[in-house]
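Worksheet: one structure, shown below.
The values are calculated or read from the model by the stated rules, or taken from the named source; none is laboratory data. Predicted model, so just to flag it, every value in this text is computed and none were measured. Backbone-built Cβ (ideal geometry, glycine too); neighbour counts: all protein chains shown. Keep in mind that these areas ignore ligands, DNA and RNA; they rest on the heavy atoms of the full protein, side chains included. Shrake-Rupley method; radii C 1.70, N 1.55, O 1.52, S 1.80 Å.
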Protein chains: 4
Amino acid sequence: VAHVYLSYFSERLDAAKVALEVADELTERNIPCSLVECNSATTPTIHPDDIVVSLGGDGTFLRSARIAHAGNARVLGVSLGRLGFLLHVQPSAVTGSVISALSNTGFLERQALSVSLPTGESYFALNEALVERSGSGRMVRATTFIDEEEYLTYHADAVMVATPTGSTGHNFSAGGPVVDDTVPVLILTPVAPHFTIDRSIVVNDSRQVRIQVETKADVVADGNVIATLSEGDSVRISRATHPVRVVASPDFELIGRLRRGLREGHA
Amino acid sequence: VAHVYLSYFSERLDAAKVALEVADELTERNIPCSLVECNSATTPTIHPDDIVVSLGGDGTFLRSARIAHAGNARVLGVSLGRLGFLLHVQPSAVTGSVISALSNTGFLERQALSVSLPTGESYFALNEALVERSGSGRMVRATTFIDEEEYLTYHADAVMVATPTGSTGHNFSAGGPVVDDTVPVLILTPVAPHFTIDRSIVVNDSRQVRIQVETKADVVADGNVIATLSEGDSVRISRATHPVRVVASPDFELIGRLRRGLREGHA
Amino acid sequence: VAHVYLSYFSERLDAAKVALEVADELTERNIPCSLVECNSATTPTIHPDDIVVSLGGDGTFLRSARIAHAGNARVLGVSLGRLGFLLHVQPSAVTGSVISALSNTGFLERQALSVSLPTGESYFALNEALVERSGSGRMVRATTFIDEEEYLTYHADAVMVATPTGSTGHNFSAGGPVVDDTVPVLILTPVAPHFTIDRSIVVNDSRQVRIQVETKADVVADGNVIATLSEGDSVRISRATHPVRVVASPDFELIGRLRRGLREGHA
Amino acid sequence: VAHVYLSYFSERLDAAKVALEVADELTERNIPCSLVECNSATTPTIHPDDIVVSLGGDGTFLRSARIAHAGNARVLGVSLGRLGFLLHVQPSAVTGSVISALSNTGFLERQALSVSLPTGESYFALNEALVERSGSGRMVRATTFIDEEEYLTYHADAVMVATPTGSTGHNFSAGGPVVDDTVPVLILTPVAPHFTIDRSIVVNDSRQVRIQVETKADVVADGNVIATLSEGDSVRISRATHPVRVVASPDFELIGRLRRGLREGHA
């Protein structure tokens, strides 16, 4: 039987409170559920029929998607707004959405990234992976390869590979294009490159991007530092073997996301 | 039997001379061939087994591709450089390429655009279509729709839809991303937009882009004005029903094109 | 005695109507005044004590400023909004502003450009001068010189020199910086340059910019084509010998102009 | 009598070696000189007639300029190239430049920044000061004020104020304009701003820029973290009370710097 995981950041008491209230309502209806601190080192073992409910903002969603992806389960996003800007979400509305998702097995697929480190480990990212200068006042010097063909060498704040889902995030800030969620591509975008072409390159997601550094650098996946590279090290970024399965919601519609971004940016 | 069309701009005497020499060599080998002025109003009727050989620069290739596409024939590009910067191309090398292409029926597919005008007519474009201010010192005011969902309204020099093949052309100049030739997308890029988001949006090429103008505007396909729009008119741009078939050559390789562009731009 | 010129575009009947009403009110007060069609070929002879009142939008202001500048008179801008988006301006408020300006001789200085053509003629521009491709689908190829030192060669839609006043206009659309009105600079900004540095360069306005073309090109000053260049021709752009004198108004405040631009761009 | 300070990074043994050889040659000529590790916490007391010779790359020059500026002495830059890419500079040529500078008291003035922290302390920067996200995967949220008039609020990797001298550095990477060294301005440039205007604003350097953060942030001056800000804190950035005095050299010529940058960026 499907299990519901209510996922939130441990520091967000507002989200924890909503999670507890929703858990009560689900338990009353005999729907098995648990609370999950999505920023905890240990995450539960998830099965494909389960649902991970993300209660919070973008950061919570990215971590909840990672937990769901590990078990090929679906993730359902409930936006509570940014920390300190709590939206008024009724717990009963959340419970309703969960029940609706349990009875309707529909979902959207969103491609994610697999980020392979020199150690052999692989990490998940839904939005983007960056190879980034380690520390203020430095730049990273990195050469990019597309299917092992040498592309450009950048001297930049960072070099990023984003998914279409991540195209409206850090990629957008760095000047990258907005990309339709259904297009099978990787977007390679430099952040503040010095005296080099600053355009993004959009490649088929059957390709692999390799980023090799000449300098010490951090690897960042969906906003979390996952490794530090030494001179000469490479990171390989490719499409994850399976997509993230997302319970459809208007929050995931591209043009709506752009309009919201514009309103917030210029208010 | 396959026919070879040697295509060039009537004003480029250098290209006409190469065309004549190649025609002589092909005739000696009993390969049927004709000369085609690609900027002429009348173009020959082409069959799928024929080959159109483009002798000139980018402008010649775009027109030759159009002629080939009308008959679903292949196009073979021979770069003679820009006008006044003639490359030293041996006619015998061209003849060799043609003979090789006749015996090897391989080709690359490149998506093209179908540009539908208010009159009901449709035009072909391989690189890009623009809706552009008519005359210096004005701007075009245009609203864009993606599959009839309203997207952004631009006040700009022009609003462009480019193919991946065209991504390294005017789209690149206008700040658009470089896109892998094999990705099935349309790229919507504004040219010098005023106080609006200037990022490109990359959408699945199963979608249709409509551009509706509030002001008089020109429609430009691959560099040629094909229509003038009145206030309220719309242009619809979508993937052409069939792709252009291109005889493979190193000139068509993406990263090579970028490197050449960089060398020319910064020499 | 100071004369008031009420300036408007002949096609804007809304502006002509306001001009007539203001003229009536000024005449009642024995203030000498005339109507001026700012897009007419012939313009009145103006004296330094006179005031040119611009009734219309940005285009009207640029032409009115030119007329005022020729006589070193002051220009007073009254925004009636864009054509078709008439703002509700009370004629009596305009009359009040004019009377106030006649009794208070204060003004702001705004640097303008002198655009020298190969013929030896010089033209005025308040916002910007462009050397621009002549016709759709082409590019202009131009080399820039700063005080006769060779700078970059562009292959672009246009190459522009803007004033700080013009920095929020076409320069902004083309990616150029916003510049404080009181800074003594010229801003050189390419429009959609191909494979070249697309950053603006901001130079001291004691310097002269020369733009030499390798291709046919148009010269455009404040949105009007003033000349056509042949291959090899140069245009020289420098600070005008004297500034434009503008009657201060909140419309001329930089940050306000940006906020208005943002609201219009994103509404 | 004028004293010569030979300044280098302690980690660059190549620079230390050149410094020692130059010191020997100066001592032979009875010119008083000392070695200075420019990254040391303690710096010597400098007098206006002294010369600080920067032996290294850009980082060395920025620190040497700071040391010279504190005593209103001149700084002379000798480029040894980037670490690992040593240029072949003859120590005798350096000695010659020093002797020439001692007998010729000419110099260029380059404006610098004074960065005022909430603690009341002020720091020097020659190129730029940034208010920057503290840590990967976050953004800084900051509101900018120009002479205490509120300008834009950014959600970005960083918000930067650069000098004309710094305009070809990090400012350029972030999309900012190149600015003539002799223009008296501050350049405000956001780094990777989200859904906001990404253009730079160039203001008279008589103005003060204040950056107030809503989030924890680092303050970085010429590449060194000088403070950490808490929510609500402000940094004030204005022109330093006196300029840096630079011994003229072709390395300081704007167009030359751009050409070098292009060659390095695209080689």
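Just a few scattered comments:
- There is at least one residue in the range C:153-161 that is closer than 24 Å to D:PRO184 by Cα and within 13 Å of chain B (Cβ to nearest Cβ).
- When the range C:1-19 is filtered for residues that are open to solvent by less than 70 Å² (accessible area, probe 1.4 Å) and out of contact with any Phe, Trp or Tyr (no Cβ under 6 Å at 6 or more places or on another chain), the ones remaining, listed by number, are C:ALA2, C:HIS3, C:VAL4, C:TYR5, C:LEU6, C:SER7, C:TYR8, C:PHE9, C:SER10, C:ARG12, C:ASP14, C:VAL18.
- The residues of the range D:42-62 that are surrounded by fewer than 21 Cβ atoms within 10 Å (Cβ to Cβ), of a type in the set (Val, Ile, Thr) and within 20 Å of A:GLY137 (Cβ to Cβ) amount to a single one, D:THR43.
- Qualifying residue in the range D:74-96 (condition: surrounded by fewer than 20 Cβ atoms within 10 Å (Cβ to Cβ) and either modelled with pLDDT of 95 or more or in a strand (DSSP E or B) (or both)): yes
- Residue ID - farthest from the other protein chains (Cβ to nearest Cβ), chosen from residues in the range A:229-241 that are over 30 Å from B:ALA162 (Cα atoms) and outside any strand (DSSP E or B): A:THR241
- Criterion violated by D:ALA112 - all others in (1) more than 30 Å from A:GLY175 (Cβ to Cβ); (2) touching a His at 6+ places or on another chain (Cβ under 7 Å); (3) aliphatic (A, V, I, L, M) satisfied: (1)
- Any hit, the range C:101-114, residues being open to solvent by 10 Å² or more (accessible area, probe 1.4 Å), at pLDDT 95 or above and more than 30 Å from C:HIS3 (Cα to Cα): no
- Any hit, the range C:20-41, residues being touching a Lys or Arg at 6+ places or on another chain (Cβ under 7 Å) and buried (at least 23 other Cβ atoms within 10 Å of the Cβ): yes
- When the range B:198-228 is filtered for residues that are within 8 Å of chain C (Cβ to nearest Cβ), in a loop (DSSP other than H, G, I, E, B) and in contact (Cβ under 8 Å) with a residue 40 or more places away in the chain, the ones remaining, listed by number, are B:ASP222, B:GLY223.
- Against the conditions (1) acidic (Asp, Glu); (2) modelled with pLDDT under 95; (3) in contact with an Asp or Glu (Cβ under 6 Å, 6 or more places away or on another chain), C:GLU132 satisfies every one except (2).
- A:ALA65 open to solvent by less than 50 Å² (accessible area, probe 1.4 Å), assigned to a helix (DSSP H, G or I) and either out of contact with any Cys (no Cβ under 9 Å at 6 or more places or on another chain) or more than 19 Å from A:VAL246 (Cα to Cα) (or both): yes
- So B:PRO118, is it within 27 Å of B:THR182 (Cβ to Cβ) and in a loop (DSSP other than H, G, I, E, B): no
- Residue that is surrounded by the most Cβ atoms within 10 Å (Cβ to Cβ) [pool: residues in the range D:197-226 that are more than 20 Å from D:PHE172 (Cβ to Cβ) and in contact with a Phe, Trp or Tyr (Cβ under 6 Å, 6 or more places away or on another chain)]: D:ARG210
- Unique residue being touching a Phe, Trp or Tyr at 6+ places or on another chain (Cβ under 9 Å), touching a residue at least 12 places away in the same chain (Cβ under 8 Å) and more than 9 Å from chain D (Cβ to nearest Cβ) when the list is A:THR165, A:THR119: A:THR165
- Going through (1) without any contact (Cβ under 8 Å) to a residue 40 or more places away in the chain; (2) under 29 Å from A:VAL220 (Cβ atoms); (3) more than 14 Å from chain A (Cβ to nearest Cβ) one by one, D:SER173 falls short only on (3).
- Against the numbered list (1) small (Gly, Ala, Ser); (2) facing chain D (nearest Cβ under 10 Å); (3) touching a residue at least 40 places away in the same chain (Cβ under 8 Å); (4) within 20 Å of A:LEU152 (Cβ to Cβ), A:ALA192 comes up short only at (3).
- Any hit, the range D:65-76, residues being over 24 Å from D:LEU126 (Cα atoms) and touching a residue at least 40 places away in the same chain (Cβ under 8 Å): no
- Matching residues, the range B:122-157, being closer than 20 Å to B:THR241 by Cα and without any contact (Cβ under 8 Å) to a residue 60 or more places away in the chain: B:SER122
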